[in-house]
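Have a look at the structure below before the remarks.
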Amino acid sequence: MAVQFSAVQPSPAAGRHPDFAPQLKQWQVRVERELSARLPAVETQPSRLHEAIRYSVLSGGKRVRPALVYATGTAIGLPESMLDGAACAVELIHAYSLVHDDLPAMDDDDLRRGRPTCHKAYDEATAILVGDSLQCLAFELLAEGPGLPTDSSVRLELVRLLAIASGTSGMAGGQALDLAAIGRKLSLAEVEEMHVRKTGALIHVCVMMAAACAPHLPDHIARALDEYARATGLAFQIQDDLLDVEGDVAVIGKATGADRAHDKPTYPSVAGIEPAHERVQELHTRALSALAKLDAAGLQSAPLAAMSDWLVLRKY
Ligand code: GRG
């Protein structure tokens with residue numbers, strides 16, 4: 001089947017935020033360039049591993065997480081040049097999670113972003129090493145890469161935040177809950193807990209890493225960003241569950257119906273499709289309400305409002 005998929009697609013939020021589509025595109029292009037500069041060159045050894053790393057990262061994802069880093073930084077007045085390192089680090093963790101998630105031992109997928117998954121294009125051992133290497137590179141970039149505040153206490157905080165979001169209390173733990181849930185019945189609270197960890201934690205940390213790059217940010221603004229990020233992270237995964245039921249494979253670049261095929265409990269399968277849409281809307285409203293505190297402090301909430309609109313209205 002011919003899959004049409006590209007890194008930069010028009011944002012469905014464009015109607016409410018006419019300036020957002022070009023802004024999003026600029027962030028997507030920017031992070032593509034910054035990622036490419038930080039990945040090992042194919043010409044250096046081990047060349048096949050480096051090729052597989054570049055294949056897996058530079059493969060046309062939406063770059064939601066880097067865009068959230070830039071959107072948060074813009075909202076609180078930071079230049080993009082101080083956010084590039086965090087934007088790249090979180091995208092590398094995301095890319096590693098996709099490569100490992102696609103392996104036969106986990107979701108066993110053949111297609112990712114409209115192309116063969118890493119283990120299909122290369123082999124399983126290479127895909128494992130790609131994930132391992134990307135994870136290490138993410139933390140290396142936070143420790144000593146360019147495009148971040150130079151203050152070592154800020155860098156340590158970024159490492160701490162990303163490690164917690166990626167580990168057993170975040171993404172990896174959520175993945176364990178997800179794998180353990182196959183074929184089982186979960187309560188809605190259990191599904192939400194799984195989603196908050198597996199996907200929400202990495203979305204949340206994008207916002208909190210940008211906030212950590214501004215160490216003098218007032219506490220009440222950091223709390224508002226935290227609330228925005230939690231609501232957005234959960235809404236993003238429930239929307240992803242909905243796209244797996246209602247989405248168009250040619251638009252999303254991977255097979256739909258995978259959750260059902262894997263007998264995985266999801267928000268729509270446990271609560272129903274309409275309640276899942278309602279929960280996404282409720283979380284979206286909560287995220288937007290949290291942003292009122294930024295406006296009251298004279299900060300710019302518009303980029304984060306547009307991001308939230310995009311993530312809940314997206315069709316891919
Ligand atoms: C921690 C070892 C380990 C494994 C992976 C979270 C996870 C654990 C794997 C990701 C699998 C998955 C499909 C999770 C749902 C989160 C999600 C919506 C992923 C896709 O993110 P997008 O839509 O993808 O941002 P693109 O391709 O646009 O980057």
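Compute the distance from the alpha-carbon center of the range 84-148 to that of the range 266-316, in whole Å.
Distance between centres, Cα-based: 27 Å.
Within the range 153-251, list the trypsin sites (Lys or Arg not before Pro) lying in a DSSP loop whose Cβ has at most 16 other Cβ atoms in a 10 Å radius.
Details: sites: 155, 160, 184, 185, 197, 198, 223, 230; in loops: 184, 185.
Passing sites in the range 153-251 are 184, 185.
To the nearest 10 Å², what's residue 20's accessible area with a 1.4 Å probe?
10
Under the 0.36 nm per residue contour assumption, what length would be gained going from the current alpha-carbon distance of residue 169 and residue 25 to full extension? The partial results should precede the final answer.
Numbers: separation 144, 0.36 × 144 = 51.84 nm, distance 3.23 nm.
Full extension of this stretch gives 48.6 nm more.
Taking only protein heavy atoms and a 1.4 Å probe, what accessible area per residue, in Å², does the chain have with all protein chains in place? Before the final figure, lay out each step's value.
On the way: 13260 Å² over 316 residues.
Ligands and nucleic acids excluded, the result is 42 Å² per residue.
Which one, 49, 225, 299, projects farthest toward the positive side of the charge dipole computed for the chain from Cβ point charges (K/R +1, D/E -1)?
299
Carbon-plus-sulfur fraction of the accessible area of the range 191-308, 1.4 Å probe, in percent? Show your work: numbers first, answer last.
On the way: 2420 of 4660 Å².
Carbon with sulfur: 52 percent of the solvent-accessible area.
Near the amide H of residue 112, under 5 Å away, which other amide H atoms are found, from residues 5 or more places off or on another chain, if H is placed in the peptide plane?
Excluding prolines and chain starts, which carry no amide H, the hits are 117.
Can you work out ³J(HN,Hα) from phi for every residue in the range 125-136, in order, using Karplus 6.51 cos²θ - 1.76 cosθ + 1.60 and θ = phi - 60°, giving whole Hz and x for Gly and Pro?
For the range 125-136, the Karplus-derived couplings read 4, 5, 5, 5, 5, 4, x, 4, 5, 5, 5, 5 Hz, x marking Gly and Pro.
Distance check, please: which entries in 62/185; 25/120; 25/293; 198/264 exceed 23 angstrom between their Cα atoms? Spell out each step's value before the answer.
Values: 62/185 32 Å; 25/120 30 Å; 25/293 27 Å; 198/264 14 Å.
As for pairs spanning more than 23 Å Cα to Cα, those are 62/185; 25/120; 25/293.
Contact order normalised by length for the chain, with contacts defined as Cα pairs under 8 Å and 6 or more residues apart; what percent is it? All intermediate terms of the calculation are to be shown ahead of the outcome.
Details: 488 pairs, mean separation 67.1, N = 316.
About 21 percent, as a whole number.
Residue 316 label point, 7 Å along Cα→Cβ, cut-off 18 Å on backbone N: hits in the range 108-147?
Under 18 Å, as judged by backbone N against the label point of residue 316, lie 111-117 of the range 108-147.
The values are calculated or read from the model by the stated rules, or taken from the named source; none is laboratory data. No experiment lies behind these values; they were computed from the predicted model shown. Positions of Cβ are backbone-derived with ideal geometry, glycine not excepted, and every protein chain shown enters the neighbour counts. Areas reflect the complete protein model, heavy atoms only, side chains present, ligands, DNA and RNA absent. Shrake-Rupley method; radii C 1.70, N 1.55, O 1.52, S 1.80 Å.
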